[in-house]
Amino acid sequence: MTKFNRILIPGGLGFVGSSLALMIKSRYPDAEVYVFDNLKRRGSELNLLRIKNQGIHFYHGDVRIREDLMQIPDCDLLIDCCAEPSVLSGTTGSPDYLLQTNLLGTIHCLEYARFYKSHFMFISTSRVYPIEPLLSLPVCESQTRFDWDLAEGHGFGKEGISQEFGMHGYRSLYGTSKYCSELLIAEYVANYSLKAIINRCGVLTGPWQFGKVDQGFMTLWASAFAYNRSLKYIGFGGSGKQVRDVLHIRDLFLLIELELERASEWKGEVVEASGGKSNSVSLLELSSLCEKISQNSIEIGRVTETRPMDLPVFYMNCERSFKDYGWRPTYSVEEILLDIFAWLEAEKKSLMHVF
C-alpha cells in the first residue's frame, strides 16, 4: 500500500469532504490531514468545529482562486470534494459560480497535484449521464415506486446504469461540469502521468449532511419527521414514486480504503460507487420508513409538475466495483435512516436551526 503522510481535501467542510477527513484521521492518525473550504455552505461552521477537535488542519480559501489553494503545504494525496452539488444550480440565473467552482476548481486541484506530484482522487456524480437517453428508457409503475422495465442493453440492464451507457446529450450544468472534470483528469493522466482515480457516486448520505430540497433528500426527509417539518412530493403527478439509490458515506470510505491500497496502480479509472438497485428507495417508501422509525406522521404536499432535470428512476450498476475491489455496501436503506435519526436526536439542539 502507498503510504500517504499528508492528505489535502478541498471542499473539506462539505458533507462528503468533512466526513472523509474525519474517517481518514481516525483510520490513519499519523497522517496530517488538511481541509480547504470557503465556508459558503449552511452548516459549515458545525463541521469546522468537528474537524478542528480532531487535529485536522483548516485553510480558509476559494478553490476558484489558484493562489488560495497553492498556499497549502505539499501533500501526497489530494481528494477533490469541491462542488456546487445541486442539479438545479445555474438554471435560473448565471452559471458562473457553479462552473468556476466545479470546473475551474478542479483545474486548480489538478494543477496542485501536477506541481507537487500528488495522487489525485476525484469525487464525481452519477449526474454525468445524459438526461434524454435516461428518460427514453421504459418505466413501469407499482404501488409504491417507478422502476425500469429493461432488457439488457449497452450500459443498462436490470441492475441499473453502468459506465458504458451512451454519453451524448445534455445532463444539467452540474452534471456537465463534473463530466468535463472527468475528461480533464483523463488528459492529465495521459499527458503528465498523474496517478488518479474517479469515484462516480450515486446519492451519498449519512449523519452531518444538511439536506435541502435540491440536494440531500435522505436527511431532509428524516429531519422533517424528526422535527415536525412539512414536505412535498415534487413532480411525476405528486406521486412520490421517483426512485434513487443511496450509499452511506461510511460505505464510500470503505471503498476508498481499498482503492488507496492500490494507489500505485491508478490510471484515471472510473469506479462506480453507489447503493445499486438493492439500496434504492422511492420518496413514498422513504416516508413510510421515516414514519415507522420516528413514530410520527407529518403533512406531505403534492406538486404535480415535473422539473426539467428530474428523472423517474435512477440507480447504478456497481457489479464492476464489487468484482474489482471485493466491496459492497454494508448499510441498507433502513440502517442508513436509523443512523441519521440517531444523529438528529443526539445533535437536536444544534441542528434545529439548520433544517
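The values are calculated or read from the model by the stated rules, or taken from the named source; none is laboratory data. Predicted, not measured: the structure shown is a model, and the values here were computed from it. Cβ sites come from the backbone with ideal geometry, for glycine too, and all protein chains shown count toward neighbours.
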Only residues that are part of a loop (DSSP other than H, G, I, E, B), under 20 Å from L104 (Cβ atoms) and in contact with a helix residue (DSSP H, G or I) (Cβ under 7 Å, 6 or more places away or on another chain): list them for the stretch 49-66, please. G61, D62, V63, R64
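Considering only residues that are outside any loop (DSSP other than H, G, I, E, B) and either of a type in the set (D, E, K, R) or touching a Ser or Thr at 6+ places or on another chain (Cβ under 7 Å) (or both), which ones fall in the stretch 1-34? Even if it seems obvious, please write down each step before you answer.
Residues of the stretch 1-34 that are outside any loop (DSSP other than H, G, I, E, B), as a first pass: 6-10, 15-27, 32-34.
Those that are outside any loop (DSSP other than H, G, I, E, B) and either of a type in the set (D, E, K, R) or touching a Ser or Thr at 6+ places or on another chain (Cβ under 7 Å) (or both): R6, K25, R27, E32.
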S321 over 30 Å from N5 (Cβ atoms) and of a type in the set (S, T, N, Q): no
Lone qualifier among L46, L69 - being part of a helix (DSSP H, G or I) and farther than 25 Å from S350 by Cβ: L69
Selection from the stretch 315-340 of residues that are surrounded by fewer than 19 Cβ atoms within 10 Å (Cβ to Cβ), within 30 Å of A224 (Cα to Cα) and touching a helix residue (DSSP H, G or I) at 6+ places or on another chain (Cβ under 9 Å): R328, T330, S332, E334, L338, D339
Taking the stretch 117-147 and keeping residues aromatic (F, W, Y) and either in contact with a Ser or Thr (Cβ under 8 Å, 6 or more places away or on another chain) or assigned to a strand (DSSP E or B) (or both) leaves F120, F122, F146
Within the stretch 150-162, which residues are assigned to a loop (DSSP other than H, G, I, E, B) and modelled with pLDDT of 95 or more? G155, E159, S162
Can you work out which of the residues in the stretch 282-327 that are without any contact (Cβ under 8 Å) to a residue 40 or more places away in the chain and outside any helix (DSSP H, G or I) is nearest to R262 (Cα to Cα)? Q295
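Among the residues of the stretch 227-280, write down those that are of a type in the set (G, A, S), outside any helix (DSSP H, G or I) and crowded, with 17+ Cβ neighbours inside 10 Å. Don't jump to the end; show me each part of the working.
Let us first name the residues in the stretch 227-280 that are of a type in the set (G, A, S), namely 230, 235, 237-240, 263-264, 268, 273-276, 278, 280.
Now restrict to residues that are outside any helix (DSSP H, G or I): 230, 235, 239-240, 268, 273-276, 280.
Within the stretch 227-280, G235, S239, G240, G268, A273, S274, G275, G276, S280 qualify.
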When the residues of the stretch 174-221 are filtered to those that are more than 26 Å from H119 (Cβ to Cβ) and small (G, A, S), which remaining residue is farthest from the chain's Cα centre (by Cα)? G211
Any chance the stretch 174-189 includes a residue that's part of a strand (DSSP E or B) and either farther than 24 Å from S94 by Cα or at pLDDT 95 or above (or both)? no
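Among K25, K40, K3, which is the only one that is basic (K, R) and under 23 Å from H248 (Cα atoms)? Talk me through it step by step, then tell me what you get.
Numbers: K40 fails: under 23 Å from H248 (Cα atoms); K3 fails: under 23 Å from H248 (Cα atoms).
Step by step, each of K25, K40, K3 is checked, and only K25 is basic (K, R) and under 23 Å from H248 (Cα atoms).
This table checks each residue for (1) modelled with pLDDT of 95 or more; (2) hydrophobic (A, V, I, L, M, F, W, C); (3) buried (at least 18 other Cβ atoms within 10 Å of the Cβ).
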position	(1), (2), (3)
I79	yes, yes, yes
L88	no, yes, no
L98	no, yes, yes
G105	yes, no, yes
K117	yes, no, no
F120	yes, yes, yes
Between a residue in the stretch 208-234 that is of a type in the set (D, E, K, R) and any residue that is in a helix (DSSP H, G or I), which pairs come within a Cβ distance under 7 Å, given they are 6 or more apart or on different chains? K212/L220; R229/S223
